[in-house]
Amino acid sequence: GAGVSQSPSNKVTEKGKDVELRCDPISGHTALYWYRQSLGQGLEFLIYFQGNSAPDKSGLPSDRFSAERTGGSVSTLTIQRTQQEDSAVYLCASSRQGTDTQYFGPGTRLTVL
Amino acid sequence: QKEVEQNSGPLSVPEGAIASLNCTYSDRGSQSFFWYRQYSGKSPELIMFIYSNGDKEDGRFTAQLNKASQYVSLLIRDSQPSDSATYLCAVRPAGGANNLFFGTGTRLTVIP
């Protein structure tokens, strides 16, 4: 079936603006993860959703970051009042319940000018 | 101390040789270990996972886990130029954590 999809693939914004990044997980996958990858850095965990449970927000770097997942499927990551240090590739991954294996989407490259 | 550490490389091997990629982790209770390959400008793709001490083989790839030494490695036999990529080690820590901790990756170049 189709893999994880993300949109937009690229986003350029001005400092101070809000952005929304979208992730559509693999059908039937109950777990959804957001990570970000800065240049030359490893993947940094941001937030995790599992079914209808409360999300694990322990990786969100500040209160400017938030995410929601509607209907247990599509997720939106919102960054308010963007800063230049928010520039990174934002990756979404999903997995089936009870498994560890995460499948990644193509990512959204965010550039904050 | 970082949760997961990898030598950033670059690691260069000639075509046909064995490439050895290494990873150490800090949480002794970690249970699940993953190797992802990431081509430049692309997203990570899973190569292998390993849960138990010892070796796990899949085609040209072998993952090795030594929990006592907190060490996991990936061997690539008969390396091909198409194996040139960054290899990310990922670990699920103990304690019910939901996320994976990733290393910064080792960049591998296979020279034709």
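The values are calculated or read from the model by the stated rules, or taken from the named source; none is laboratory data. These numbers were taken from a predicted model, which means no experiment stands behind them. So basically every Cβ, Gly included, is an ideal-geometry build from the backbone, and we count neighbours across all protein chains shown. Ligands, DNA and RNA are stripped out before the accessible areas are found, and what is left, the full protein with its side chains, is counted by its heavy atoms. Shrake-Rupley method; radii C 1.70, N 1.55, O 1.52, S 1.80 Å.
For the reader, a short list of remarks on this structure follows.
Residues are listed down the side, and each one gets a yes or a no for (1) of a type in the set (D, E, K, R); (2) at pLDDT 95 or above; (3) out of contact with any His (no Cβ under 7 Å at 6 or more places or on another chain); (4) under 21 Å from A:Tyr48 (Cβ atoms):
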position	(1), (2), (3), (4)
B:Gln1	no, no, yes, no
B:Glu5	yes, no, yes, no
B:Gly59	no, yes, yes, no
B:Leu74	no, yes, yes, no
B:Asp78	yes, yes, yes, no
B:Leu108	no, yes, yes, no
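- Residues of segment B:23-52 that turn out to be touching a strand residue (DSSP E or B) at 6+ places or on another chain (Cβ under 7 Å), farther than 17 Å from A:Asp100 by Cβ and open to solvent by 50 Å² or more (accessible area, probe 1.4 Å), as a count: 2
- The residues on offer are A:Gly71, A:Gly40, and the sole one that is out of contact with any helix residue (DSSP H, G or I) (no Cβ under 8 Å at 6 or more places or on another chain), at the interface with chain B (Cβ under 10 Å from one of its Cβ atoms) and free of Cβ contacts under 8 Å to residues at least 12 places away in the same chain is A:Gly40.
- Just one of the listed residues (A:Ala93, A:Ala67) is under 23 Å from B:Ser40 (Cβ atoms) and touching a strand residue (DSSP E or B) at 6+ places or on another chain (Cβ under 8 Å), namely A:Ala93.
- Inside segment A:30-47, residues that are under 24 Å from A:Gly72 (Cβ atoms) and part of a strand (DSSP E or B) make up a count of 10.
Every residue, every condition in (1) of a type outside the set (Phe, Trp, Tyr); (2) farther than 24 Å from A:Arg109 by Cβ; (3) open to solvent by 30 Å² or more (accessible area, probe 1.4 Å); (4) touching an Asp or Glu at 6+ places or on another chain (Cβ under 8 Å), yes or no:
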| site | (1), (2), (3), (4) |
| --- | --- |
| B:Leu21 | yes, yes, no, no |
| B:Asp55 | yes, yes, yes, no |
| B:Arg60 | yes, yes, yes, yes |
| B:Leu74 | yes, yes, no, no |
| B:Asp78 | yes, yes, yes, no |
| B:Leu88 | yes, no, no, no |
| B:Gly103 | yes, no, no, yes |
| B:Val110 | yes, yes, no, yes |
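- Subset of segment A:6-37 [open to solvent by 90 Å² or more (accessible area, probe 1.4 Å) and hydroxyl-bearing (Ser, Thr, Tyr)]: A:Ser27
- Some residue of segment B:35-45 being acidic (Asp, Glu) and over 19 Å from A:Gly105 (Cβ atoms): no
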